[in-house]
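Worksheet: the structure to be examined is printed underneath.
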Amino acid sequence: MVKTAFIYHEHCELHDMGDDHPESPARTKAIRDRLETNGLLKKMSVLRAEQATREQVLRVHHETYVEQLDRISPSHGLIQADPDTMMGPYTWEASYLAAGAAVQAVDGIMTGQFDRAFCAVRPPGHHAEPDVTMGFCFFNNVAVAVEHALKTHGLTRVAIIDFDVHQCNGTIEAFQERPEVMICTSFQHPFYPNKHWALEHPHILLTPMVAFSDCRDVKEAWENEWKPALIKHQPELIFLSSGFDAHSKDPMSQTNWQTEDYYWITDVIAGLANEICNARIVSVLEGGYNLEILADCAEAHVQRLIEA
C-alpha cells in the first residue's frame, strides 16, 4: 500500500452560493462522510489544509485580478462574480484553502511524507483563468500547485490529467505555451465552456466526448494518445483534476460514465505513475453534483489511490 494523504478543511464548506446552487457545501461533506464510513480515511494520513500564500496564487493569477476579488469580497450576503459564480463572506478564505491544499499535497509528496494525495476541497479551480472568474472557480488550484512544484521544488516536467466533463479552459490558458506541463483532458463537446477544442500544441491532448457517449473514447485515447505521450514526457509528478460529473446520473452533463470508469481511469494513471514518477499523484476535486454518485465515484477513486 502506498502512503496516501486526504487533505480537507471544514471551512471550505462555509463557502455557500445559495440553497439551489449545484456547487454546494454538501459536496465535500458527502465525500468525507463516505470515506469515514467505509474505513478508507483510517488508511490515509488526514490533514487539514493550510491557506496558499498570495505569492503562490500570483504565480498563476494576475495581481489586478486578485486585488479586484479582494475588493469585492462581501462581509455579508452574496455578490455575483460571474453569471453562475457567487462570492459570500467565506469564499475568499475557502479559495485560499483550496489552492493551499494542493500546494500542501505537493510539499508532502516532495518531502517524502506520503506518495499520493486527494484534496477534497472547494471551490473547484480548473475553469479559473489567470484573470477571469468562471464556472464556480476563483483560483485555479491545480495550476497554483503545478507552479509551486516547478518553482519551489525544481521539477522540470509535470503532467495534468483532467477528466471532468467540462473542459479545463483555465488550466489550458495558464500552460498552453509551457511545454514542460503536459495536459491530457477529456470533456463533453460542444459544451460549457466552449473553448480550446482545436489547439495545435503537442503538449496538450484534447479528447472531446459527444453527448450520450460512454467512456470508450477516453479508453481509446488513453491507449493510443495519452499513455504514449506521458511515457515520452516522463513527468516527475502527475496532477489530477478529478471531476466526477461525466457520470450518467450527474445533473450537469450528458455523458454516460459509470462509477467503475473512475476506478479504471485512476487505475491506469496510478499504474503509470508507479512506473515513471515514483507513484507521485496529486488529485484535486473539481466537479460532481449528484451527492450520492459523487461519494460513490470518489470512493472508487480513493480506493485505487491507496493501492500499490
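Where a number appears in this text, it was derived from the coordinates with a stated rule and is not lab data. Quantities reported herein were computed from a predicted structural model and do not represent experimental measurements. Here Cβ is always computed from backbone atoms with ideal geometry, including for glycine, and neighbour counts include all displayed protein chains.
The helix-only estimate of mean residue ellipticity at 222 nm for the chain, built from DSSP H runs of length n ≥ 4 each weighted as -39500 (n - 2.57), is -11000 deg cm²/dmol after division by the residue total. Which entries in the list Lys195/Lys219; Lys42/Lys219; Lys43/Lys232; Lys195/Lys249; Lys29/Lys219 go over 27 Å, if you measure between the two C-alpha atoms of each? As for pairs spanning more than 27 Å Cα to Cα, those are Lys42/Lys219; Lys43/Lys232; Lys29/Lys219. Working ranking of peptides 81-87, 98-104, 112-118 by packing, defined as the average number of other Cβ atoms within 10 Å per residue, highest first, is 98-104, 112-118, 81-87. For segment 1-60 and segment 139-191, write down the distance between their C-alpha centroids in whole Å. Distance between centres, Cα-based: 20 Å. Sorting 18-29, 127-138, 157-168 by average packing, meaning the other beta carbons within 10 Å per residue, from highest down gives 157-168, 127-138, 18-29.
The overall shape of segment 42-91, judged from the alpha-carbon gyration tensor, is oblate: a/c is not under 1.5, and a/b is no greater than b/c. I want the antiparallel fraction of DSSP beta bridges within segment 4-305, as a percent rounded to 5. Bridges in segment 4-305 are about 15 percent antiparallel. Given Cβ point charges of +1 (Lys, Arg) and -1 (Asp, Glu) and nothing else, what value in debye, to the nearest 20, does the dipole of the chain about its Cα centre take? Charge dipole of the chain: 800 debye, to the nearest 20. Direction-averaged projected area, Cα convex hull, segment 132-173: 3.3 nm², rounded to one decimal.
Which entry is the computed P(r) over Cα pairs in 20 Å bins from 0, in percent for this structure: (1) 26, 47, 25, 2; (2) 38, 60, 2; (3) 26, 37, 19, 15, 3? Computing P(r) over Cα pairs in 20 Å bins from 0, in percent and matching it to (1) 26, 47, 25, 2; (2) 38, 60, 2; (3) 26, 37, 19, 15, 3 gives (2).
As a length-normalised measure over Cα pairs under 8 Å and 6 or more apart, the relative contact order of segment 224-308 settles at 38 percent. Computed extension length for Ala26-Asp84: 19.1 nm, one decimal, from 0.36 nm per residue of separation with the Cα-Cα distance subtracted. Model label sites at Thr37 and Gln176, defined 7 Å from Cα along the beta-carbon direction, differ in position by 4.2 nm.
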